[in-house]
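What follows is one structure encoded as structure tokens, with my remarks underneath.
The values are calculated or read from the model by the stated rules, or taken from the named source; none is laboratory data. These numbers were taken from a predicted model, which means no experiment stands behind them. Note that we place each Cβ from the backbone using ideal geometry, even for glycine, and neighbour counts take in every protein chain shown.
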Amino acid sequence: MLVWCVSLVLGVVFGGENWAVLVAGSNGYDNYRHQADVCHAYQVLTRVGGFPQDRVLTMMYDDVATSEENPLPGKLFNRPSGPDVYAGVHIDYRGDDVTPDNFLKVLRGDKQALSGVGSGRVLESGPDDTVFVFFADHGGSGFICFPNGYLYADQLNETLSGMVQAQKFNKLVFYLEACESGSMFAGILPHHEGVIAITASKSDQSSYATYYDEHLYTYLGDLFSVSWMEDSEVTLLNASYTLEDQVCR
């Protein structure tokens with residue numbers, strides 16, 4: 001795991017005017033865990049963190065809950081004997097709308113470019129707001145995967161730099177779940193005190209799935225992702241609890 005600038009209180013990160021962008025970059029039943037991660041994150045933010053639903057934007061292919069391979073159709077689980085995390089999740093961009101280009105347009109707040117695409121909703125945050133971004137999928141050195149393409153480190157960091165210049169946030173926290181995910185930020189993350197990036201692995205390491213379910217025949221989650229979410233479910237409202245506390249537990 002790589003951590004930058006983590007001496008920030010979670011109560012501040014998740015307080016005030018908060019926005020979130022949640023992305024599952026994969027499709028197919030074998031990748032069940034990524035969509036389950038994102039759905040669980042949606043539940044944590046809206047039900048525990050108090051995020052208004054109209055300030056949480058989601059992108060996921062949305063083919064797993066309805067897959068013929070799913071023994072429990074219409075439901076997704078992120079841990080054994082856990083709750084259905086799919087219920088109530090509003091999905092803004094699904095299917096072929098889940099692309100690197102659309103993801104960056106959402107972050108930039110390019111509403112005109114997304115007119116007629118999915119819900120058309122974008123990040124409309126301002127200079128006093130906090131933005132939380134969570135992405136879960138596969139990755140490699142300098143890129144992360146989408147159903148039909150790749151997002152490269154230089155593209156992502158150029159967008160983050162543009163968001164800094166456009167005063168799109170006061171603080172931005174990015175949690176990235178993917179193999180070699182550290183390579184998306186190491187040495188190229190914009191040098192701005194308001195940008196915090198936390199990744200599942202270093203630049204040359206794998207990240208790992210967890211909670212294999214013998215009934216569903218798949219992994220329900222990713223180790224990094226379920227760790228921060230399960231921790232947040234019990235600590236999110238603790239004003240003295242920091243991001244450093246979370247990642248170093």
So Leu10 passes all but one of these: (1) modelled with pLDDT of 95 or more; (2) more than 23 Å from Thr99 (Cβ to Cβ); (3) touching a helix residue (DSSP H, G or I) at 6+ places or on another chain (Cβ under 7 Å); (4) not small (Gly, Ala, Ser). Which condition number does it fail? (1)
Residue that is modelled with pLDDT of 95 or more, within 15 Å of the chain's Cα centre (by Cα) and under 24 Å from Gln155 (Cα atoms), where the choices are Val89, Val56, Val117: Val56
Between a residue in the range 20-33 that is in contact (Cβ under 8 Å) with a residue 24 or more places away in the chain and closer than 12 Å to Asp62 by Cβ and any residue that is of a type in the set (Gly, Ala, Ser) and crowded, with 23+ Cβ neighbours inside 10 Å, which pairs come within a Cβ distance under 6 Å, given they are 6 or more apart or on different chains? Ala24/Ala136
Mind listing whichever residues of the range 123-140 are surrounded by fewer than 21 Cβ atoms within 10 Å (Cβ to Cβ) and either modelled with pLDDT of 95 or more or part of a strand (DSSP E or B) (or both)? Glu124, His138, Gly140
Test set (1) surrounded by 20 or more Cβ atoms within 10 Å (Cβ to Cβ); (2) at pLDDT 95 or above; (3) not in a helix (DSSP H, G or I); (4) not polar (S, T, N, Q) - Phe103 fails condition number: (3)
Positions within the range 75-86 being charged (D, E, K, R) and either assigned to a loop (DSSP other than H, G, I, E, B) or within 15 Å of the chain's Cα centre (by Cα) (or both), in sequence order: Lys75, Arg79
Pairs with Cβ under 8 Å, 6+ apart, first in the range 109-122 and in contact (Cβ under 8 Å) with a residue 24 or more places away in the chain, second assigned to a loop (DSSP other than H, G, I, E, B) and hydroxyl-bearing (Ser, Thr, Tyr): Gly109/Ser125
Whether any residue in the range 89-99 is farther than 30 Å from Gly162 by Cα and either outside any helix (DSSP H, G or I) or of a type outside the set (S, T, N, Q) (or both) is what I want to check. no
In the range 186-209, residues that are under 15 Å from Phe135 (Cα atoms) and part of a strand (DSSP E or B) total 5
Kindly evaluate Val64 against the criterion of being over 17 Å from the mean Cα position of the chain (by Cα) and surrounded by 21 or more Cβ atoms within 10 Å (Cβ to Cβ). yes
Would a scan of the range 101-108 turn up a residue that is closer than 22 Å to Gln155 by Cα and of a type in the set (Lys, Arg)? yes
Looking at the range 215-249, which of the residues that are modelled with pLDDT under 85 and in a loop (DSSP other than H, G, I, E, B) is surrounded by the most Cβ atoms within 10 Å (Cβ to Cβ)? Leu236
Among (1) in a strand (DSSP E or B); (2) of a type outside the set (Gly, Ala, Ser); (3) buried (at least 16 other Cβ atoms within 10 Å of the Cβ), which single condition is Tyr212 missing? (3)
Conditions (1) free of Cβ contacts under 8 Å to residues at least 24 places away in the same chain; (2) among the small types (Gly, Ala, Ser); (3) in contact with a Phe, Trp or Tyr (Cβ under 8 Å, 6 or more places away or on another chain); number of the one not met by Ala153: (1)
Among residues belonging to the range 173-195 that are farther than 20 Å from Ala24 by Cα and β-branched (Val, Ile, Thr), point out the one that is surrounded by the most Cβ atoms within 10 Å (Cβ to Cβ). Val195
